[in-house]
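S.K.: Attaching a single structure in structure tokens format; questions to follow.
The values are calculated or read from the model by the stated rules, or taken from the named source; none is laboratory data. Note that the coordinates shown come from a computational prediction; the quantities given were computed from them, not determined experimentally. No Cβ is skipped: glycine too gets one built from the backbone with ideal geometry, and neighbour counts run over all protein chains shown. Keep in mind that these areas ignore ligands, DNA and RNA; they rest on the heavy atoms of the full protein, side chains included. Shrake-Rupley method; radii C 1.70, N 1.55, O 1.52, S 1.80 Å.
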Amino acid sequence: MGRPMPTPIGHALAGLALALAARPLGESPVAFAQGARAARIDWRLVALLAGLAAAPDLDLVFQPHRTATHSLVSIALVTILAAAVTGKVTPSPGRAWRLAVLCGAAWGSHLLLDWLGADTSTPRGVQLLWPFSDRWFISGWDVFRRVERRHFLHPETVGQNVLAIAQELAILAPLIWGARKLRRKLRS
Ligand SMILES: [Zn+2]
């Protein structure tokens, strides 16, 4: 069984922070700067980036875990794919690339959080350089607690995972708040 860390909630929160810091889709830089829709949150962008930030762990279904979908190559592929898709639906190349870079950044945030997390099973970390190298990378800082997926309903497991989610919220909530604040600042 794979070793997820942090939880999908933690990963989605990182995507949310990114979406909140970014200019809403379809809003012109001028309107954004003027704060015409200062309070507006682009929920489509939130859903897209939160989903992409959690998506690399879909490899838990296929195995092996934390290789191809957790590599720098995967970030590049997601960015190129997003640019190709949005390039077809939007006439503005600038807008397509901006969204593509946000998609790549959301995917990349997953790799960053995993790299910062705790991992007790071997090999530890993520294969950042797949397919060029099978080396595993991890910071060793254990910023995020380990999450348990075995015996999912066991009280001890539930307690451990609730604690992990609470810690992710404690770490990422200020980041989300900061993202909102940064956006307001950029407008003024
Ligand atoms: Zn992961």
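S.K.: Quick one: dipole size for the chain, taken about the Cα centre, charges +1 on Lys/Arg Cβ and -1 on Asp/Glu Cβ, in debye to the nearest 20. Could the numbers behind the result be given before it?
M.R.: Details: 21 positive and 11 negative charges, 179 e Å.
Magnitude of the dipole: close to 860 debye.
S.K.: Check Phe144: other-chain or 5+ apart residues with amide H under 5 Å from its amide H, H built from backbone geometry?
M.R.: For Phe144, the qualifying residues are Gly117, Ala118.
S.K.: Could you give the accessible area per residue of the chain, probe 1.4 Å, as a whole number in Å²? Kindly include the intermediate steps, with their values, before the conclusion.
M.R.: On the way: 10120 Å² over 188 residues.
That works out to 54 Å² per residue.
S.K.: Find the percent of Cα-Cα distances in segment 64-163 that exceed 15 Å, and round it to a whole number.
M.R.: 67
S.K.: Report the longest stretch of the chain that contains none of the chymotrypsin sites (Phe, Trp or Tyr not before Pro) sitting in a DSSP loop with at most 13 other Cβ atoms within 10 Å. Could the numbers behind the result be given before it?
M.R.: Working: sites that count: Phe132, Trp141, Phe152.
In short, 1-131.
S.K.: Mean 1/r over all different Cα pairs, inverted: what Kirkwood radius does segment 90-138 give, in Å?
M.R.: So the Kirkwood estimate lands at 12.7 Å.
S.K.: When the solvent-accessible surface of protein heavy atoms is calculated with a 1.4 angstrom probe, in what order do Leu186, Leu13, Leu49, Leu18 fall, highest first?
M.R.: In descending accessible area the options line up as Leu186, Leu18, Leu13, Leu49.
S.K.: As a test of reading the structure, rank Lys181, Lys88 by solvent-accessible area (1.4 Å probe, protein chains only), most first.
M.R.: Descending accessible area places them as Lys88, Lys181.
S.K.: For the chain, what does the relative contact order come out to in percent, with C-alpha contacts under 8 Å and a separation of six or more?
M.R.: Numbers: 290 pairs, mean separation 60.4, N = 188.
Relative contact order comes out at 32 percent.
S.K.: Could you pull out every residue, at least 5 positions away or on a different chain, whose amide H is within less than 5 Å of the one on Leu128? Hs are placed 1.01 Å off N in the peptide plane, and Pro or chain starts have none.
M.R.: Those qualifying (amide H under 5 Å, at least 5 residues apart or on another chain) are Phe137.
S.K.: Grab the alpha carbons of the chain, take their convex hull, and tell me the volume per residue in Å³.
M.R.: Looking at the chain, the number lands at 125 Å³ per residue.
S.K.: Quick one: with all protein chains in place, what share of the accessible area of the chain is carbon or sulfur, to the nearest percent (1.4 Å probe)? Display every interim value, and only then the final one.
M.R.: Values: 7120 of 10120 Å².
C and S atoms contribute 70 percent here.
S.K.: Right, another one. Per q in 0.21 1/Å, what log10 I(q)/I(0) does a Debye calculation on the alpha-carbon atoms of segment 115-188 return?
M.R.: -0.95
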